[in-house]
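Remarks on the structure that follows.
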Amino acid sequence: MTTNIVEQLMQRPDLPVVLKELQHRLAMEEQQRKEWLKDWRTDTSKMEFINGQVIVHATAQRIEALVSGNVASLLRTSVLLRQVGEVHQEKAMIRLTRNDYEPDICYFDTAQVAEFNEETSLFPAPRLVVKVLSPKTEARDRGVKFQDYAYHGIPEYWIVDPRERTLEQYLLPQGDTTYQLHKKSDNGGVEVRALPGLSLPIPAFFDERKAQAEVERLLTATPK
């Protein structure tokens with residue numbers, strides 16, 4: 001896709017003018033981004049910087065908050081027991097080339113965590129991003145974020161729909177920059193590719209009691 005866009009631009013006789021304007025706009029955008037980051041550090045709202053715009057998110061609805069809590073609890077318990085990194089739930093700003101995002105849930109592996117310190121506030125692209133779908137954000141979650149996460153090599157992206165009670169698991173083929181849908185289901189288990197050997201029951205994402213039961217099972221199981 002990038003190659004096609006470049007080839008189209010190369011056919012324009014006014015390319016130098018277009019390039020100069022693009023450079024000017026990107027420079028202004030980067031300055032705006034730097035100024036916003038100063039304010040973001042002291043703001044408790046969930047905000048993101050996407051393609052030159054500051055996006056302030058509304059408070060999550062109860063159904064979204066419950067599902068997010070279930071998924072985060074399952075992943076965090078698994079990661080802690082295996083001692084293979086960290087799981088963050090919101091307010092962990094991942095900084096990509098142009099944009100800054102606060103994923104609902106993200107997982108960083110051991111090698112990444114080794115580079116963090118207690119004051120780290122801007123994070124690199126994680127190994128797994130989980131989005132609990134909201135009608136207000138769905139276009140971005142399936143659009144610019146879907147493209148940006150893949151472009152930056154995040155190998156696994158989940159879209160969890162709390163209303164349809166389904167999980168979509170997208171994986172990034174090696175050497176590619178476009179996600180492929182690997183699984184879409186409302187039942188059974190999902191093999192977490194970012195955590196080899198871990199399978200989580202999808203129904204537990206949408207049921208607090210089932211999530212708690214799975215956490216208890218994980219805690220009492222013999223670590224492999």
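Brief remarks on what is shown
- Selected from Ala60, Ile50, Ile94, residue furthest toward positive end of dipole (the stretch 35-104; charges at beta carbon): Ile94
- The string of couplings for the stretch 76-83 from the Karplus curve (6.51, -1.76, 1.60, θ = phi - 60°) is 5, 4, 4, 5, 5, 5, 8, 6 Hz, one whole number per residue in order, with x for Gly and Pro.
- Accessible carbon and sulfur surface of the stretch 54-120 relative to its total accessible area, %, 1.4 Å: 49
- Label assignment, mean projected area of the Cα convex hull in nm² derived from the structure, set (i) 14.0; (ii) 18.8; (iii) 13.4: (i)
- Table column - 3J(HN,Hα) (Hz), the stretch 117-130, Karplus curve with 6.51, -1.76, 1.60, x for Gly and Pro: 10, 5, 9, 4, 10, 10, 10, x, 4, x, 8, 8, 10, 10
- Under the simplified labelling scheme, the Leu80-Lys136 pair shows an inter-label distance of 3.0 nm, with each label point 7 Å from Cα along Cα→Cβ.
- Put simply, the amide H of Phe123, placed in the peptide plane, has neighbours under 5 Å in Met93, Ile94, Arg95, leaving out anything fewer than 5 places away on its chain.
- Each residue of the stretch 140-146 is assigned a 3J(HN,Hα), and the resulting list reads 6, 5, 9, x, 4, 5, 4 Hz, derived from the Karplus form 6.51 cos²θ - 1.76 cosθ + 1.60 (θ = phi - 60°), x at Gly and Pro.
- Computed E for Lys184/Gln32 - FRET, C-beta separation, R0 35 angstrom, nearest 0.05: 0.40
- By average C-beta atoms within 10 angstrom, highest first, the peptides 143-153, 5-15, 181-191, 97-107: 97-107, 143-153, 181-191, 5-15
- Mean ellipticity per residue at 222 nm, deg cm²/dmol - from DSSP H runs of n ≥ 4 across the chain, formula -39500 (n - 2.57): -12000 deg cm²/dmol
- Two-site label geometry, Arg95 and Glu208: point separation in nm, points 7 Å out along Cα→Cβ: 3.7
- Listed pairs Lys20/Lys46; Lys46/Lys184; Lys183/Lys210; Lys91/Lys183; Lys136/Lys184; Lys145/Lys210 exceeding 26 Å between Cα atoms: Lys20/Lys46; Lys46/Lys184; Lys91/Lys183; Lys145/Lys210
- Taking only protein heavy atoms and a 1.4 Å probe, the accessible area of the stretch 142-224 is 47% carbon and sulfur.
- Principal semi-axes in Å for the stretch 1-117 [√(5λ), Cα gyration tensor, largest first]: 36, 18, 15
- Under-5 Å amide H pairs with His182, H placed in peptide plane, nonlocal only: Gln169, Tyr170, Leu171
- Inter-part distance where the stretch 5-31 and the stretch 33-106 are each reduced to a Cα centre, Å: 32
- The H on the amide N of Leu198, modeled in the peptide plane, is under 5 Å from the matching H of Val192, each at least 5 residues off or on a different chain.
- Accessible area (Å², per residue) of the chain, counting only protein heavy atoms and a probe of 1.4 Å: 59
The values are calculated or read from the model by the stated rules, or taken from the named source; none is laboratory data. All figures in this text were calculated on a predicted structure; none of them were measured in a lab. Cβ atoms come from the backbone with ideal geometry, glycine included; neighbour counts cover every protein chain shown. Side chains are part of the model used for accessible areas, which takes the heavy atoms of the whole protein and leaves out ligands, DNA and RNA. Shrake-Rupley method; radii C 1.70, N 1.55, O 1.52, S 1.80 Å.
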